[in-house]
Amino acid sequence: MKPIMLYPVGVVLILCLFSLAGASKQLQIVQWWLNQLDSPQTATAGALAPIIDCVNRVDRDTRLAYYLLTQVDASVRTAERSGAANLPREEFGDSAEPQARLIQKQVCTPAITLQLERQAPGSPLITATQQYLQTLRRISDVGTLLSPNQTPGAKTPQQQLFGNVMLDQLKAELSRNGGGYLSASAALRDDLTREELRLRPLQLDLLEARLGRDLHWHLLNYMIASRQAIDRIDQGVRAADLTPQALAALTASVQRAQESAAAFVDQMPDKELTEETLHLWYTLRTPADTYLAALQGMLQNWLNHATPQQLSDDYDLVTRRYDVLLSYYNRPARNAF
């Protein structure tokens, strides 16, 4: 074996041994050290990854279970209930993903902040994550009694076993702890959003400096444009200062990034579909198209003087399409990169 190969092989063996031993703390430290050798941006991204994984794979389904179990009147909807809460998991592209309760102890452990504690000891994300994990533990036992893709009004075998009296007690428990959970979840998501919006453009610059504007760059550029669009639309809706001109500019930005990536792929001389980055691009094509169509539909309806209710429905659709896009991106990206 060539000497140059000894270092990576040794690292792989160390990681395998840590994994087999279940030494999650040591594994996190080794991962952080390796990321530090690459760049500060890589180390920060690696430190955020376990927290993002917990939010993507556990928090979403837990929130949906909460909404469904506390939903008294199926005809009364909030924006989040009428959107994501009533979608089957198949629409998110993760129907084969284990239920949140089955993976929570592996995905949302106290160790998910270890890398961040070393990379940025003063980060508010550390406290936000720890507070979230505490509230998650308090609500988890209740959440197991309802599947997040269960039809409102239908009862699981567990619910049938416990009966209406126990369900009333469970709802009372959620009333006590559910609000705290949602607040902790929202605070964590807000902190993650701010950190990601700061970090991703830095990663984009690093990719361009190292590899040029390759497919990795185009994928990240597209996801940044998509995220910036939904965040600015959401801020504009909440502040009631979104304009058709601003929406048109955001829609055009998303379209340019998508078309730029598509043009790059079209010009690739050898399209090896087993290549992970190219596979991810093809995975995203349909949800990217539907997200862009939702943006364009909202803009067109606004220009055509649609009713406030229609524009509200359009906004719900845009946010839902972005959530689907992000779900389709996260799972392959998590497994591949």
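The values are calculated or read from the model by the stated rules, or taken from the named source; none is laboratory data. Small disclaimer: the values here were computed from a predicted structure and weren't measured. Cβ placement follows ideal geometry from the backbone for every residue including glycine, while neighbour counts extend to all protein chains displayed.
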*Considering only the range 79-136, how many residues are under 21 Å from Ala184 (Cβ atoms), hydrophobic (A, V, I, L, M, F, W, C) and at pLDDT below 80?*
5
*Exactly one of (1) within 30 Å of Leu48 (Cβ to Cβ); (2) surrounded by fewer than 19 Cβ atoms within 10 Å (Cβ to Cβ); (3) in contact with a Ser or Thr (Cβ under 9 Å, 6 or more places away or on another chain) is unmet by Gln296. Its number?*
(1)
*Single residue of the range 196-213 satisfying the filter (within 19 Å of Leu125 (Cα to Cα) and not aliphatic (A, V, I, L, M)) that is surrounded by the fewest Cβ atoms within 10 Å (Cβ to Cβ)*: Arg198
*Across the range 100-122, what is the number of residues that are in contact (Cβ under 8 Å) with a residue 60 or more places away in the chain and within 18 Å of Thr42 (Cα to Cα)?*
8
